[in-house]
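Please treat every number below as a calculation from the coordinates, not as lab data. Source: prediction; values computed, not measured. We place every Cβ from the backbone using ideal geometry, glycine too, and count neighbours over all the protein chains shown.
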């Protein structure tokens, strides 16, 4: 099974997954979507609410192309807190699938291409320093089997949509995540379905419906009570 590169409307790549009949990022702009949902509504929002934060623990569910990690790393270089970034991914990309992804070109940071390569070449299940203040650890597992070792400040919930992977959008999954987050921690996701919101509320989150990325009216920011 070969996941296929596609160009989205902002010029950046996404990948199409034939098994799930789904893309990894929005076809209306992969970089735009990730920046809006995970950086602006997640990382930067959390830091605005907690300006004295010196260390940030981030969990990403659905690491995929590594785009969210790259965007977070670029922000880290602007003197943001030290970051430990756990990424859970049960279906890692093959080298021929991630090679040539054009995120560094679109983001006008071609000099960071070696770092993007190191992200993908990093050994699974072992810490990999990407910069003096950024530690990535990729976990080749499912979120159901993931062994939580840190209390998290921020969760990027970037799984395939509920219609594709309904088992990842349940009360049980969100309750597990909520239990592993500090009070006031933030979970962000592109999805805003009513059932997802209700499941998050049942798990212990306060829900904020906020404007979504291009061509999506709403998204969810959930805060642990």
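What is the ratio of the Cα radius of gyration of the chain to 2.2 N^0.38 Å, where N is its residue count, to two decimals?
0.94
Any chance you could run the full-extension gain for residue 198 through residue 125? It's 0.36 nm times the residue separation minus the Cα-Cα distance, nm to one decimal.
23.0 nm
What does DSSP give for region 82-175 in terms of the percent of beta bridges that are antiparallel, rounded to the nearest 5?
40 percent
Per DSSP helix of 4 or more residues, -39500 (n - 2.57); summed, then divided by the residues of the chain. What does that give at 222 nm, rounded to the nearest 500?
-6500 deg cm²/dmol
Using mean Cβ contacts within 10 Å as the protection proxy, how do 168-177, 71-80 order, highest first?
My ranking of the peptides, most packed first, is 168-177, 71-80.
Could you give the radius of gyration (one decimal) and Dmax (whole number) of the Cα atoms in region 91-225, in Å?
16.7, 45
I'd like the antiparallel share, as a percent to the nearest 5, of DSSP beta bridges with both residues in region 31-224.
In region 31-224, DSSP labels about 40 percent of beta bridges as antiparallel.
Using only alpha carbon positions, build the gyration tensor of region 112-180, then give the equivalent ellipsoid semi-axes as the square roots of 5 times its eigenvalues, largest first, whole angstrom.
Ellipsoid semi-axes (Å, largest first): 26, 15, 11.
Before anything else, pin down the relative contact order of region 1-140: Cα pairs under 8 Å, at least 6 apart, normalised by residue count, whole percent.
With pairs under 8 Å counted, the relative contact order is 21 percent.
What distance in nm separates the simple spin-label points at residue 50 and residue 149, each placed 7 Å from Cα in the Cβ direction?
2.0 nm
Report the calculated FRET efficiency for residue 207 and residue 108 (r = Cβ-Cβ distance, R0 = 45 Å), to the nearest 0.05.
0.80
In whole percent, what relative contact order does region 31-224 give with Cα contacts below 8 Å and a gap of six or more residues?
That works out to 23 percent.
Would you list 63, 147, 98 from fewest to most Cβ contacts within 10 Å?
Sorted ascending by nearby Cβ count, the order is 147, 98, 63.
If you rank 126, 138 by fewest surrounding Cβ atoms within 10 Å, what's the result?
126, 138
What whole number of Å gives the distance from the Cα centroid of region 155-207 to the Cα centroid of region 97-146?
24 Å
Which three numbers, in whole Å and largest first, are the semi-axes of the equivalent ellipsoid of region 165-225 derived from its Cα gyration tensor as √(5λ)?
Listed largest to smallest, the semi-axes of region 165-225 are 19, 14, 9 Å.
Among 44, 136, what is the fewest-to-most ranking by other Cβ atoms within 10 Å?
Exposure proxy ranking, most exposed first: 44, 136.
Could you sort the peptides 27-35, 156-164, 193-201, 104-112 by per-residue average Cβ neighbour count (10 Å cutoff), highest mean leading?
Result, highest mean Cβ count within 10 Å first: 27-35, 156-164, 193-201, 104-112.
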